[in-house]
Amino acid sequence: MKILIAGGGKIGSNLTEQLVSEGHEVTVIDCSPEVLEGIMEKNDVITVAGNAASMSVLETAGVKEADLLIAATDMDEVNMLACMTAHGMNPELTTIGRIRNPEYRLQAYEMRDVFGLTLSVNPEQRAAREIARLLNFPGFLSVDTFAKGYVEIVELKVDANNPLKNTRLSKLSDIVHTQVLVCAVQRNGETIMPDGNFIIKENDLLFITAGTDKLTILLRNLGIITKKAKRVVIAGGGRISYYLVKELEKSGMDCTIVELREDRCRDLAEKLPNATIVQGDASSQEFLDMEGVGDSDAVVTLTGLDELNIVISLYANSRNVSQVVTKLSHAENNKILDSLQLGAVISPKELASFSIVRYVRAMSHQEGNAITVHRLGGGKIEAMEFIVDEDTRHIGERLRDIKTKQNVLIVSILGHGKLEIPSGNSKYAVGDTIIVVTNAGTPVRQLNDIFED
């Protein structure tokens, strides 16, 4: 497809790299020539300097021949106007706009036809929903759902007390006493696709495939507390905090927001009457103790500074808070982050990028392509869902007799409502749903791409 990306910031640059790697023709629009130069150094793209809401700039970028516009500048108003203008110039164009301000959320939806807006993406709201999911699934650092809710891939960190430490994967069932599969491991920032001889070590990040009904059994047999949080302390009073409280109130959680700015505290108190809003410095350990951080069930750090979020999360962990969630705008250096006790790490911009890429893949869906794609482990692991059709190879053959590419693993087979964590004797048939996990460096777009022969 021919895709225009308006805005060369974090989301725009992430999208450019991903979509170019998938074979799309990408043109990037940004007001800054320096930003465009940096993007061109890394990617084979066309760039246009200028305002993406301008007709002349859009025409220069080729909007009339484009299939998709992704408006991801830092200004909601520019994104909405860019989508409206581009759609007016090309009524067949699909448009995706990044809209962050809660005041625009309802009108962007109700007036989507006026704005020519096919899809709106809100990174802060997306992050809030992901955090709420994590708080409702205590014990896991991430949870991704596949096959209409039948299959989950969860992320679990092995701490010093975890009974899986120093366990060979072939002996896993002796400890967990339920059907699960460790499909990938991150160790010291490196991604490993393990076999039965792999030995789990302390601080490993395990990506585990299981049926939804098996997750509680897994946690219980590992001795991990599964009680949902009741009292949540949130450091920082930005947009994510607002959206998060709205989500957590649905589950009956008691939320306290700690925010330094008085005007923002007043604004939040007006908009969130059921939450406790406290004006204070979340970087002060004495202040956090006064607010009972050590007695809370969960701490979520959502200030605008990564360094401050890290410090607060480390302190919450030292106070033995059951769940800690850390927001990071820059989460690229996984080797450093993996060595820190930060709990679950959330990057709003990465979440937004991944959701847009999934939508683009669905737009360009062809027979045999993945119907859903999730990026895990900071983007280093991909989990893909496929439907077996008549053109799929090796139908009816045992998996032990099928040679797949290196770093590719079939982790579940769902047929006629029955989930199977596959063994060497497993087979698949037409109509079955297959979940495949691979490292992000192994390109897989169609199911037949996983086979070596």
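For Tyr104, the stated conditions do not hold, so it cannot be described as hydroxyl-bearing (Ser, Thr, Tyr), part of a helix (DSSP H, G or I) and over 26 Å from Leu302 (Cα atoms).
Residue count for region 299-320 satisfying the condition of being in contact with a Phe, Trp or Tyr (Cβ under 9 Å, 6 or more places away or on another chain) and assigned to a loop (DSSP other than H, G, I, E, B): 0. Once region 30-48 is narrowed to residues that are hydrophobic (A, V, I, L, M, F, W, C) and outside any helix (DSSP H, G or I), the residue that is nearest to the chain's Cα centre (by Cα) is Val45. Condition first: outside the structural domain of Val185 (by TED's automatic domain parsing), surrounded by 15 or more Cβ atoms within 10 Å (Cβ to Cβ) and of a type in the set (Gly, Ala, Ser). Can you find one or more residues in region 389-397 that meet it? No, every residue in region 389-397 fails to be outside the structural domain of Val185 (by TED's automatic domain parsing), surrounded by 15 or more Cβ atoms within 10 Å (Cβ to Cβ) and of a type in the set (Gly, Ala, Ser).
Exactly one residue out of Ala352, Ala362 is assigned to a helix (DSSP H, G or I), loosely packed, with under 15 Cβ neighbours inside 10 Å and modelled with pLDDT under 90: that is Ala362.
Taking residues in region 63-90 that are of a type in the set (Asp, Glu), and partners anywhere that are in a helix (DSSP H, G or I), the pairs with Cβ atoms closer than 8 Å and at least 6 places apart or on different chains are Asp67/Met363; Asp76/Tyr104. Applying the criterion of being modelled with pLDDT under 90, more than 15 Å from the chain's Cα centre (by Cα) and closer than 25 Å to Val293 by Cβ to the residues of region 321-342, the residue that is surrounded by the most Cβ atoms within 10 Å (Cβ to Cβ) is Leu342.
Can you tell which of Ala82, Ala53 is in a helix (DSSP H, G or I) and buried (at least 20 other Cβ atoms within 10 Å of the Cβ)?
Details: Ala53 fails: in a helix (DSSP H, G or I).
Matching residue, one of Ala82, Ala53: Ala82.
Just checking, does region 409-428 include any residue being of a type in the set (A, V, I, L, M) and part of a helix (DSSP H, G or I)?
First pass over region 409-428, keeping only residues of a type in the set (A, V, I, L, M): 409-411, 413-414, 419, 421.
Now narrow it down to the ones that are part of a helix (DSSP H, G or I): none.
For region 409-428, residues of a type in the set (A, V, I, L, M) and part of a helix (DSSP H, G or I): absent.
Look at (1) under 23 Å from the mean Cα position of the chain (by Cα); (2) without any contact (Cβ under 8 Å) to a residue 60 or more places away in the chain and you find that Val232 fails only one, number (2). Of all the residues in region 410-427, those that are of a type outside the set (Gly, Ala, Ser) and farther than 25 Å from Val185 by Cβ number 3.
If you go through region 107-136 and pick out every residue that is in a loop (DSSP other than H, G, I, E, B), touching a residue at least 24 places away in the same chain (Cβ under 8 Å) and either among the acidic types (Asp, Glu) or more than 20 Å from Pro348 (Cα to Cα) (or both), you end up with 3.
Scanning region 155-211 for residues that are farther than 20 Å from Ser339 by Cβ and either among the hydroxyl-bearing types (Ser, Thr, Tyr) or free of Cβ contacts under 8 Å to residues at least 24 places away in the same chain (or both) turns up Thr167, Ser170, Lys171, Leu172, Ser173, Asp174, Thr178, Thr209.
Please verify whether region 131-153 includes one or more residues that are touching an Asp or Glu at 6+ places or on another chain (Cβ under 9 Å), crowded, with 21+ Cβ neighbours inside 10 Å and of a type in the set (D, E, K, R). Among the residues of region 131-153, at least one is touching an Asp or Glu at 6+ places or on another chain (Cβ under 9 Å), crowded, with 21+ Cβ neighbours inside 10 Å and of a type in the set (D, E, K, R), which makes the answer yes. Please give the number of the condition Asn407 fails out of (1) over 29 Å from Thr94 (Cα atoms); (2) at pLDDT 85 or above; (3) touching a helix residue (DSSP H, G or I) at 6+ places or on another chain (Cβ under 9 Å). Only one criterion is unmet by Asn407, namely (3).
The values are calculated or read from the model by the stated rules, or taken from the named source; none is laboratory data. Values in this document were obtained by computation on a predicted structure and should not be read as measured data. Note: ideal-geometry Cβ built from the backbone for every residue, glycine included; neighbour counts use all protein chains shown.
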